[in-house]
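Please read the structure below before turning to the comments.
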Amino acid sequence: MTRKTTAQTAADQIKDQAFSELQALIEESDKLLKDSSTLVGEEAETLRAQVSLKLRQAMESVASVRERTKPVVEATETYIGVHPWQTVAASAGFGLVVGLLLGRR
């Protein structure tokens, strides 16, 4: 069994956090949309402010995830630049395996 590197572990944590925050945003948006069907006037303004706040939080979350993933992306680009043939071989091998699995259907 191979051990995960620190970069892989950090990338997995970032991915999990991004998905959980996205799921929370979807749930909140769904709740707000359901609540908005009967609102008018001042209640509608309050709802719009809440939606605006949630969207702003989502944008900040995306920006935060983007900033934290930069080192992983840069490391990947560096590896690909230093080891292009290994990258091609790994990609071809992965494509072959996927092709074989899909061909078995």
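The values are calculated or read from the model by the stated rules, or taken from the named source; none is laboratory data. Computed from a predicted model, the values in this text were never measured in an experiment. Using ideal geometry, Cβ is built from the backbone for each residue, glycine included, and neighbour counts are taken over all protein chains shown.
Return a yes/no flag: does segment 8-21 have any residue that is at pLDDT 75 or above and surrounded by 12 or more Cβ atoms within 10 Å (Cβ to Cβ). Taking every residue of segment 8-21 in turn, at least one turns out to be at pLDDT 75 or above and surrounded by 12 or more Cβ atoms within 10 Å (Cβ to Cβ). Determine, yes or no, whether V51 is within 13 Å of the chain's Cα centre (by Cα), closer than 30 Å to L33 by Cα, assigned to a helix (DSSP H, G or I) and touching a residue at least 12 places away in the same chain (Cβ under 8 Å). Judged against the criteria, V51 is not a match.
Confirm whether S91 is under 23 Å from T6 (Cα atoms) and modelled with pLDDT of 85 or more. Let's see the steps before the verdict.
On the way: under 23 Å from T6 (Cα atoms): yes; modelled with pLDDT of 85 or more: yes.
So S91 fits the description; yes.
Picking from residues in segment 22-35 that are hydrophobic (A, V, I, L, M, F, W, C) and surrounded by 14 or more Cβ atoms within 10 Å (Cβ to Cβ), the one that is nearest to the chain's Cα centre (by Cα) is L22.
Between M59, M1, which is modelled with pLDDT under 80, surrounded by fewer than 11 Cβ atoms within 10 Å (Cβ to Cβ) and under 13 Å from the mean Cα position of the chain (by Cα)? Steps first, please.
Details: M1 fails: under 13 Å from the mean Cα position of the chain (by Cα).
Exactly one of M59, M1 is modelled with pLDDT under 80, surrounded by fewer than 11 Cβ atoms within 10 Å (Cβ to Cβ) and under 13 Å from the mean Cα position of the chain (by Cα), namely M59.
Might you check whether a residue that is under 26 Å from A10 (Cβ atoms), touching a Lys or Arg at 6+ places or on another chain (Cβ under 9 Å), in a helix (DSSP H, G or I) and among the polar types (S, T, N, Q) occurs anywhere in segment 62-78? Checked against the condition, which is being under 26 Å from A10 (Cβ atoms), touching a Lys or Arg at 6+ places or on another chain (Cβ under 9 Å), in a helix (DSSP H, G or I) and among the polar types (S, T, N, Q), segment 62-78 yields at least one hit.
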